[in-house]
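One structure below.
Read the figures in this text as sums done on the coordinates, not as results from a lab. Just so you know, these numbers come straight off a predicted model, no measurement behind them. Here the Cβ is made from the backbone with ideal geometry for all residues, glycine too, and neighbour counts use every protein chain on show.
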């Protein structure tokens with residue numbers, strides 16, 4: 001399997017199946033945005049994608065590391081919201097991709 005893809009179980013044995021890092025990023029973004037009190041930071045530039053708020057890197061063993069830049073609402077309990085984001089992202093990726101992310105890191109960039 002090419003790099004940038006995580007292998008998944010292929011039960012019919014008719015070829016290699018994988019999930020791209022972009023799929024992991026999309027699933028993580030949707031799961032994080034569903035948590036009350038937090039949203040994923042929007043990129044500052046629409047022309048260049050240098051400032052990605054969600055980054056997924058895939059290890060050789062197929063596990064993904066997810067890094068999220070989030071904006072929290074003022075008055076939200078940072079620890080509780082961040083733990084909820086980690087749990088929701090982990091369960092969403094586990095349910096949709098049949099793999100457990102190795103690490104979900106959250107960087108709180110701003111309070112809104």
Inter-probe distance in nm under a simple model that places probes 7 Å from Cα toward Cβ, at residue 51 and residue 17: 3.9 nm
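Express in nm, to one decimal, how much length is gained between residue 65 and residue 107 on full extension, taking 0.36 nm for each residue of separation and deducting their alpha carbon distance. Before the final figure, lay out each step's value.
On the way: separation 42, 0.36 × 42 = 15.12 nm, distance 1.36 nm.
13.8 nm is the gain from fully extending residue 65 to residue 107.
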Helix 21-33 vs. the chain, principal-axis angle (Cα, 0 to 90°, nearest 10): 40 degrees
Contact order relative to length of region 5-111, as percent, for alpha carbon pairs under 8 angstrom and 6 or more apart: 29 percent
Correct choice for volume of the Cα convex hull per residue in Å³ that was computed from the model, options [x] 133; [y] 90; [z] 102: [z]
Tilt relative to the chain, helix 78-97 - C-alpha long axis, 0 to 90 degrees, to 10: 20 degrees
